[in-house]
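Chemist: I'd like to ask you about the structure that follows.
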Amino acid sequence: MKSIKGASVLICSFVVLLGTSHFGKPVQAGSGGAFFAGMVTSHVVGGFVRRDQARTDAAVHQAYSQPTSVQAAPVAPAQPAQKTVEQRLGALDDLANRGIITKDEYAARRQAILDSL
């Protein structure tokens, strides 16, 4: 790309030199040399600007057209399976047999389990 710009600048410089001096002769109004040099220079510079804008537009389009990653919602931990009434009563009996709960607590919790049916 640098070689293209360098060549264009060289050509523009040559055209300006050619158009303004006619190889040593001063430019006179109406000769058209300065006009021609200005037109060529503006065309070359305008091409640089258009290509630069096209590259910028392409980069923006590419940046916005890329699929964005969507983060999935966290999955709630699975609830442990509900224990059956028999399992709950068995665990309650085990607590009572080991002396962890009193007879009154045993009776109250047993009644709560049976009421949940």
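Values quoted throughout were computed directly from the atomic coordinates according to the rules given, and no laboratory measurement underlies them. The shown structure was predicted, so the numbers you read here are calculated from the model rather than taken from an experiment. A quick note on method: Cβ atoms are made from the backbone with ideal geometry, for glycine too, and the neighbour counts reach across all protein chains shown.
Chemist: Compute the signed sum of charges (Lys and Arg +1, Asp and Glu -1) over the other residues within less than 14 Å, Cβ to Cβ, of ASP57. Could the numbers behind the result be given before it?
Modeler: Numbers: positive: ARG50, ARG51, ARG55; negative: ASP52.
Within the 14 Å Cβ shell, the charges total +2.
Chemist: Can I ask one more? Please report LYS103, LYS83 as a ranked list, fewest other C-beta atoms within 10 angstrom at the top and most at the bottom. Please list the in-between numbers first.
Modeler: Values: LYS103 8, LYS83 12.
Least to most surrounded, the residues fall as LYS103, LYS83.
Chemist: A further question follows. In the neighborhood of ALA91, defined by Cβ-to-Cβ distances under 12 Å, what is the net charge if each Lys or Arg adds +1 and each Asp or Glu adds -1?
Modeler: Working: positive: LYS83, ARG88, ARG98, ARG109, ARG110; negative: GLU86, ASP93, ASP94.
Around ALA91, the charge tally is +2.
Chemist: By the scheme Lys and Arg +1, Asp and Glu -1, what is the net charge of all other residues having a beta-carbon under 14 Å from that of GLU105?
Modeler: +1
Chemist: Neighbour counts of other C-beta atoms within 10 Å: give me GLU105, GLU86 arranged from fewest to most.
Modeler: Details: GLU105 13, GLU86 8.
Ascending number of Cβ neighbours within 10 Å: GLU86, GLU105.
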